[in-house]
Every structure is written in C-alpha cells, then in structure tokens.
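Take a look at the structure set out below.
Bear in mind that the values in this text are calculations on the coordinates, not laboratory data. Since we're looking at a predicted model, the values are computed, not measured. A quick note on method: Cβ atoms are made from the backbone with ideal geometry, for glycine too, and the neighbour counts reach across all protein chains shown.
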Amino acid sequence: MDDIGRQIVVRLSNIIDLVAVEGIYHLICYKNLMRDTPGSSKDSQGKDGRQSAFLKLCSYMESSDDCQFSLGKLAEKFEEFCDTKESYVRRWVREKLQRHFGEKITVTGLQAKDTIITLPKLKKCLTAQEISYFGQIPIKLYKKSKSGIEKVKVAKVSVEATDLTKSNVLNSIKLDILWASGYCLSNCSTPNWNGFMSLVLEWTKPFEKSKIVTLPFINLSPSDLSTIYTALEFALSETRKSHQRSCIVTFDQPLFQKASEIVYAEEMPTILRLGGFHLLMCFMRVVGFIMTGSGLEDLWTQIYARVTVSHMVIW
C-alpha cells in the first residue's frame, strides 16, 4: 500500500457518517468550480477554457433563431464547446448566464420539467408612436337617420321549424332519465349532465377549436353609436375572413338596444345576443311586472328586507 492508500484508510477509519463527508467534499469542489480567483496554472488554464466555452455559448444563443432554450441543452452545448464533462455544469451555466445577461433573460423552473431560459430578441426598437398604432380599429362614423326597431317583425314559430318532433323529445327524456339513474347506482362514477351528453352524443360534422384572442381597442365612448357601429363592422369582417355564415355579437343591455337599432336599420347580417346577467334581469323584470299587486312583494318583505326584495325582483 502506498502513501495515498494509507491516507485514505486513515480518513475512513475516523469517519462515522460517510455520506455527510462526501457531501462536504462535493460542496468544496463546487465552490472551487465557481470561484473567480485564479489558482494554479492548471486551474487557470481550466478557467480560461470554461470562459472561452461560455462566450461561445452566449454567441450561440444570440445568433440562434430561437428565443427559448432548455438548461439541459445549453449544458450539453457548453460541454461540447469545453470538450469536457464536469460536475455542477447545469447550475454553473445558469448562474453565469444570469450574471452575463442580467435582466435580459428570464429563467423559468418547472417541477418535473427542465428549466427554460428565455432570451428575447428585438430586431427593431419601436417608438411609442408606432406602438400606439397597434391594436386599434379605424373608426366608422354612424349617423342615425331612421329607427331600426320599427322594422322588427315577430313571426310565429312552428314546431316543425324548431325540430321538436315527438321522437326527438322522447329520446331527450330517455337520456335525462338514464343520466339521473346513474346517481342511484352504487360504485358508479356519474359525470355531470354536460359531460354525460358530450360522451353519449357524438358530433360527426367537421369543426375547429375555438380560441381566445385579445381584441383591438376602439378609442371612443362605449355608448357612442359610432363605437357600436365600428364594432359590428369589425365583427362582420372577421366573420367573413373565417368563412362563417353567422356573425354573433354579445352586448350588455344599454348597448344591446342601440346595437339593435343599427342592425335592423342597416339590415346587417348579424345576430345580437344579450349578456347572461342582463338577460336574467329582464326576465326578473317580467316576473315582477306580472306579479305586481299579488302580495308576493309583501310576503317576501316578511323574510327579507324591503330593499333586498326590490333587487331580487324588479317591481
């Protein structure tokens, strides 16, 4: 046994927790790796090699067309430039990139996934005036000349037009009974009604998934007729681009009334919908109008406050 072997035997004979000592040893190795002060000539050469490989890595990130990189891929690229494999490379590369780029990069760490490093790249720095042009719609002025509500005609809806045949109604009732019976069975996981219907009924026609996008702004008052007319024209243009047959636009109650005037007056192929909250308010207003003088208001006043009752049903 040589001198190095005897030293190792002495170390092992005096160690109780070998795992803790190994952890301390690797921590010292990591600190030596991250230390900026030059050591021996060999360490200095290794540091120069790592620095040169790191600069190549930065050039690779800046010249690449991508703006997002995984930390694992960058560590592999660094080892390729450095032509060596060392411990703690991933952590070392991450910290060096944060020091080098500063606030220019964003480091996102996800559980059970690789860390993502984002380096935004701007080919041109836009001015505030150029940015103000984005997200705006050209305003179309509207002059109210005639009432569109007068053109509205209420047609009688037939059963044949709504496809409420006897067979369809019976099939719907059977499906409802089948869904409700699932709650009476033990050891049966029953989905909600919407989920049950989506599993039972299959839509065979081709369709595209909807998406949520940010709409541009109209720099006018929301209640202005030109604002509503501009929004309707923009919705129609987007509908034509998507090759859709129907253009459906939802408004709140104050704007819904003005939009109806414009749609019927200009005969625009647009379907207007009232928002769910205001639709419920209109329904409660109808109930309150029908039940006026029936004593329902006095009955509810005994349970709730009078001010609360006035908000529950609009009398």
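Exposure proxy check: I137, I116, I149 ranked by fewest other beta carbons within 10 Å?
Lowest count first: I149, I116, I137.
Sort region 178-267 into rounded, prolate or oblate with this rule: let a ≥ b ≥ c be the square roots of the eigenvalues of the Cα gyration tensor; rounded if a/c is under 1.5, and if a/c is not under 1.5, prolate when a/b is larger than b/c, oblate otherwise.
prolate
Past 25 Å, Cα to Cα: identify those pairs from K73/K96; K156/K211; K143/K211, in the order given.
Result: K156/K211; K143/K211 exceed 25 Å.
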